[in-house]
Amino acid sequence: MSTYKAPLADIRFALFDVIGAEAEFARLGFADATRDVLDAVLDEAARFTETVLAPLNATGDREGCTLDRATGDVTTPTGFKAAYAQFVDGGWPSLTSPVEFGGQAMPHTVGFPLKEMIDAANLAWGNFPLLSHGATEALLHHGEDWQREVFLKPLVDGRWTGTMCLTEPHCGSDLGLLKTRAEPQSDGTYSIHGTKIFITAGEHDLTENIVHLVLARLPDAPAGSRGISLFVVPKFQVARDGAVGQRNALRCGSLEHKMGIHGSATCVMNFDGAQAYLVGQPHKGLMAMFTMMNSARLGVGLQGLGLSDRALQNALRCARDRLQGRALSGATEPQKPADPIIVHPDVRRMLLTCKALVEGGRVMGYHAGVQLDIAQASPDAAERERADALVGFLTPIVKACLTEWSVECTYHALQCFGGHGYIAEWGMEQLARDARITTLYEGTTGIQALDLLGRKVMQLQGAGLKAFLAMVDDFCREHADDASVAEFIGPLRERASQWQALTRDIVQRASADPDELGAAAHDYLMYSGYVVLAYWWARSVAASEASSQSADFKAGKRETARFYFARLLPRAGAHADAIAASASTLMTLPSGAFDA
């Protein structure tokens, strides 16, 4: 049976020792985000996720959600509704939201370990409140005053949840193809007609109302992505004074039957003249939706992190307990019939791979959260601009790499169980199935790669990349004489220099052949992720050596960093070699010849 224990020691190390979050929060004016408050938040988050959510993970996978086709109502698995009520009673939905709408105004970063714990404990359940934060951000930044007043308060306190309705049956990521239409009404509202698919938490029984943020076209909309507007469409109609009325003209037409996350309602939503309000300016909906989408992308990255950590915990327990074979160098426990499998080099390879990707990935993800807080709260305009560029640059890396690594980690962890990993009762195959979706929704890895290279590097002239490389350079100079990290400084500098050279080469080649950008994008993304992780592993070793952590903890960080630099960072070299290959290696074969 799969179990979960929140990794509080490493979460605290990542937040306070490596990133220095406590000092950052004080500098940014978050007066209530003191260490004692943060410790209490982490402790209570661990209690809730371990004792309330984790026991429901297998239940949700077995039962799934059910749809009443006559009414369009969706019932969540046993225990999900009661768990959500406890979530609301604990004040968790309001943790990082503004005070004026009922929030606690804690830093965004504080929500990151909470999100990690929730998704490690029960990813399917975590999908129901996932998009409420993004909906809150979209309305906060783009909504009218009355919309913020009416919709944000119940979203913030958790009485309502939010969704993001983008995809349609005929269009996936190419939203310029969408056909859902919005017809203006005489009372200033709009009537929405169309079908949206893959809508996470589009219908459920957890809350009083569901707030759908829907992309649609106005009658005078220009073609393509420039003609998309954003609308707020509640499940139950809501007047401008906040009064809730009758059921709106929308319903769940079907639930998708999925490979994983069975306890999460993935809905086909039909809008048949549903009453809606325009959010932001006409034909500017895509920009408003990206406020929500970027929040969701970081959240999905944390989903990958949580699944990887839970998988590692269970694999490590199995490796210590399961007896099979003898150590090649001689029996380590001769009094037993066999040694625990953790003595075998290949098992250690899998466990150390997971440990390196999880612990390094945790710091990488949390650091992006800190940049969100700096971008919103710093009194210095230049610092806000720099942090905004940096978090924009890091978002596709965090989303894509933490989710791609979650597929690798959950499969390594399953492998440690041998044949038992394939058996449902151990819970490892559920983690592997659940992890697979994280590389797909909120933008596939390919979409993240194009966003990173095409937009964040080329269109924005690499502002975020320059900021991150400056961090690397500062660290290397500050620790040039630090014996504890001396072995990592040279390789880190070398990869950072290669990163710059690869970027220049791709930009030059793409100016002559646009296909070069698409051909290099995936490898460039993964290269970037491995170099970012190398930086955080070097910083983690420096932070651990300077801390009051135990000798075992310090040794764990140091040896895992050595493993990472020796066995995982070289993957960046393979990606660099692939980038050097021209687009012709992908584009020369005619499409009709693939099956020849």
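Averaging 1/r over every pair of different alpha carbons in the stretch 65-145 and inverting the result gives a Kirkwood radius of 14.3 Å.
What separates the Cα centres of the stretch 491-530 and the stretch 74-123 is a distance of 38 Å. A P(r) calculated from all alpha carbon pairs of the chain, with 20 Å bins opening at zero, reads 20, 54, 25, 2, 0 percent. Largest first and in whole Å, the equivalent-ellipsoid semi-axes of the stretch 145-285 read 22, 21, 12, each the square root of five times a Cα gyration tensor eigenvalue. Seen against the Cα atoms of the chain and their longest principal axis, helix 345-377 is set at about 50 degrees.
Farthest towards the positive end of the charge dipole of the chain, among the residues Met1, Ala424, Gly64, is the Cα of Ala424, using unit charges on the Cβ of Lys, Arg, Asp and Glu.
Expressed as a fraction of 2.2 N^0.38 Å, the value expected for a compact globular protein of N residues, the C-alpha radius of gyration of the stretch 457-583 is 1.18.
Rg over Rh for the stretch 164-223 works out to 1.01, both radii taken from alpha-carbon positions and Rh defined as the Kirkwood radius.
With a Förster radius of 30 Å applied to the beta-carbon distance between Leu586 and Arg181, the computed FRET efficiency rounds to 0.20. Listed by chain and number, the aspartates and glutamates whose C-alpha is less than 15 Å from the C-alpha of Lys456, apart from same-chain residues fewer than 8 away, are Glu385, Asp388. Across the alpha-carbon set of the stretch 301-417, the Rg to Rh ratio works out to 1.22, Rh being the Kirkwood radius.
Footprinting exposure proxy ranking of Ser173, Ser295, Ser540, Ser264, fewest other C-beta atoms within 10 angstrom first, gives Ser173, Ser295, Ser540, Ser264. What does the convex hull of the alpha-carbon atoms of the stretch 1-152 project to on average, in nm²? With every direction weighted equally, the projected area is 10.9 nm².
Each residue of the stretch 25-37 is assigned a 3J(HN,Hα), and the resulting list reads 5, 5, 5, 8, x, 7, 4, 7, 8, 7, 4, 5, 5 Hz, derived from the Karplus form 6.51 cos²θ - 1.76 cosθ + 1.60 (θ = phi - 60°), x at Gly and Pro. Rounded to the nearest 20 debye, the dipole magnitude of the chain is 820 debye, with +1 charges on Lys and Arg beta carbons, -1 on Asp and Glu beta carbons, and the Cα centre as origin. Straight-line reach from Lys336: taking Cα to Cα under 19 Å and skipping same-chain neighbours fewer than 8 places apart, the aspartates and glutamates in range are Asp321. Extension gain, Arg571-Ala243: 0.36 nm per intervening residue step, less the Cα-Cα distance, totals 112.4 nm. Here the contact order of the stretch 439-596, divided by its residue count and restricted to Cα pairs under 8 Å and six or more residues apart, works out to 27 percent.
Checking the cross-link pairs Lys5/Lys258; Lys179/Lys235; Lys81/Lys115; Lys81/Lys196; Lys153/Lys399 against a 23 Å limit on the alpha carbon distance flags Lys5/Lys258; Lys81/Lys196; Lys153/Lys399 as lying beyond it.
Cross-link partners of Lys557 among aspartates and glutamates, defined as those whose alpha carbon lies under 19 angstrom from its own and excluding same-chain residues fewer than eight positions apart: Asp10, Asp17, Asp309, Glu359, Asp482, Glu487, Glu545. Could you work out how far helix 486-512 tilts from the main Cα principal axis of the chain, as a 0 to 90 degree angle to the nearest 10? The helix 486-512 is inclined about 40 degrees to the chain. With the simple model of a label 7 Å out from the Cα in the direction of the Cβ, Ala23 to Thr59 spans 4.5 nm.
Here, each number is a calculation from the coordinates, and none is a lab measurement. From a predicted model like this one, the values you see are computed outputs, not experimental measurements. With ideal geometry, Cβ positions are generated from the backbone for all residues, glycine too; neighbour counts draw on all protein chains shown.
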